[in-house]
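Below is one structure, written out as structure tokens, with a few remarks after it.
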Amino acid sequence: MRRVHAFGDDALADLDAVGLADALRAGSVGRADVVEAAIARAEAVNPALNGLAYEAFERARETAKADPAGGFFGGVPTFVKDNVDVAGQPTMRGTDAWTPRDAAADGEFTRLYLGTGLTSLGKTQMSEFGFSASAEHPRLGPVRNPWDTDHTAGASSSGSGAFVAAGVVPIAHANDGGGSIRIPASCNGLVGLKPSRGRLPLDPELRRMPVGIVANGVLTRSVRDTAAFYREAERIFRNPKLAPIGDVTRPGRQRLTIAVLTRSIQREPSPEVRELTLKSAAALEELGHRVEHLAEPPAPASFVDDFVLYWGFLALAQVRSGRRVFGDTFDRARLDGLTLGLDRHTSRNLHRLPLAIVRLRRLRRRTAALFRTYDAVLTPTVADETPRIGYLAPTDYDQVMDRLIDWVAFTPLQNVTGEPAISLPLGQSADGMPVGVMLSADLGQEALLLELAYEFEEARPWARIQAAG
């Protein structure tokens, strides 16, 4: 295995974000030293991982020298995914189809994110427009997995996942429109929570979507980092329509009724992924929870076709409005085969889109009924082990779409329903790669998922890349 990480004896050590924030407040490490260590780590691993979309190292150094940052995470280094605006930095969305231009101001989520005190070192790479679950752009190159660089880091939040797993930073921005927080979490051995719809702010164009599938969030190495981020975010932005998350610091005391589902709409997962999911279910039983097995998912057979058609509608919107949104340098000939294939697919089936949107919007009724019986649902995060680079290359549209549908079989459901879901690195494949298991819950129940995640973390501590060699 070609394993790459940057953990070492520097100011970052192997601290998570909460631990590093505590050390900064105590004065045992300095803000400038922490930023320099993160920059050095990024420079050390990026040639192998290709996770960096834009470096803002000098700006980070200047921030570290300024007055102490406010917020709980004051001085903790991070990266922002390259599909939200950061003032003075280009937003290229995983493509090179137009000439970069700097954003005039921070986006709404960026203001919240950096408002927690985090110091951004720049932007991380992603798949083109976030459409693929693997970032393998034909000119920008693939983002590689630090556990084994022959494998994908997942996507679309690929660079963030690779850098957090490799120890460059303890926390990084990610967002999720079909699994793009949870898939990199599974591939890279991380904690990845997709929050409820409306939990965190979105930029205006995402709020106008007919089905609001996108949610911002973070990737971390520990449950407490994810919990602390949502606590701090809630102090800045609070959606009164959702139950508060609050300060979740330990496992919950209540024993729950949890459904276990290993079958997606189309298929069972690989035998190894299924076995690891069932082992996680058995661990829940050992912890005193009531576990019941479901035979079928709560989505109709039409879900896959409807979701792909809607996914293609998003591609169509990017392709057809490219010059208006991105400027006269926009060149659709530079887009990858997946983006262009999705555009073609939806343009040929546009007459089917209104009914597909109606069916997707109605899906929440089915899952709401399920959560009247069960407190949470346990599934695999993805259906198979992490693929090698090239398997999901966005060249032949029909081939890559079939492979994506097959692999990303479990995560899109919660994007459509708006419910929260968390991927936890509860297993490893026979070849030593991380394998995620996913818990989902009813709308607004992130606190319950975090309590379960703490319980798993205590009972079944996950593998650490620096301990594995």
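Can you tell me the dipole magnitude for the range 369-464 around its Cα centre, using point charges on the Cβ only (Lys, Arg +1; Asp, Glu -1), in Debye to the nearest 20?
Numbers: 5 positive and 15 negative charges, 22 e Å.
Dipole about the Cα centre, nearest 20: 100 debye.
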Practice prompt. Name the helices (complete DSSP H segments) of the chain with a Cα length along the long axis of 24 Å or more and a Kyte-Doolittle mean of at least 1.0, or state none.
Written response: 303-320
Item to complete: Could you work out the equivalent-ellipsoid semi-axes for the chain, taking the square root of 5 times each eigenvalue of the Cα gyration tensor, largest first, in whole Å?
Response: 30, 28, 21
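Over the chain, what percent of the accessible surface lies on carbon and sulfur atoms, probe 1.4 Å? Don't skip to the answer; put the middle values down first.
Values: 8460 of 17360 Å².
Ligands and nucleic acids excluded, carbon and sulfur reach 49 percent.
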Worksheet, complete the sentence: Those trypsin sites (Lys or Arg not before Pro) from the range 50-122 that are DSSP loop and have at most 14 other Cβ neighbours within 10 Å turn out to be Arg101
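Looking at the range 17-459, send over the antiparallel percent of its DSSP beta bridges, to the nearest 5. Please list the in-between numbers first.
On the way: 31 of 43 bridges.
In the range 17-459, approximately 70 percent of DSSP beta bridges are antiparallel ones.
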Worksheet, complete the sentence: Charge dipole of the chain built from unit charges on the beta carbon (Lys, Arg +1; Asp, Glu -1), centred at mean Cα; most positive-end Cα among Phe456, Thr119, Ser302 is Ser302
Worksheet item: Could you give the accessible area per residue of the chain, probe 1.4 Å, as a whole number in Å²?
Response: 37
Response to the item:
Toy charge model, Lys and Arg Cβ at +1, Asp and Glu Cβ at -1: the chain dipole around Cα centroid in debye, rounded to 20, equals 1440
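Grab the Cα-Cα distance for Arg323 and Lys65, subtract it from 0.36 nm times how many residues apart they are, and report the gain in nm with one decimal.
Difference between extended and current length: 88.9 nm.
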Item to complete: Could you work out how far the C-alpha centroid of the range 300-316 sits from that of the range 194-247, in angstrom?
Response: 24
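For the chain, what does -39500 (n - 2.57) per DSSP helix run (n ≥ 4), summed and divided by total residues, give at 222 nm, in deg cm²/dmol to the nearest 500?
Details: 16 runs with 179 residues, N = 469.
So the calculated ellipticity at 222 nm is -11500 deg cm²/dmol.
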Worksheet item: Looking at Asn349, Gly312, Ala32, which one has the Cα that reaches farthest to the positive end of the dipole of the range 17-459 (charges on Cβ: Lys, Arg +1; Asp, Glu -1)?
Response: Asn349
Fill in: Per-residue ³J(HN,Hα) for the range 94-107, Karplus 6.51 cos²θ - 1.76 cosθ + 1.60, θ = phi - 60°, Hz, x for Gly and Pro
x, 9, 10, 7, 8, 6, x, 9, 6, 5, 6, 8, 5, x
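The values are calculated or read from the model by the stated rules, or taken from the named source; none is laboratory data. The structure displayed is predicted, hence computed values, not measured ones. Every residue, glycine as well, gets a Cβ built from its backbone with ideal geometry; the counts of neighbours run over all protein chains shown. Ligands, DNA and RNA are excluded from the accessible area calculation, which covers all protein heavy atoms including side chains. Shrake-Rupley method; radii C 1.70, N 1.55, O 1.52, S 1.80 Å.
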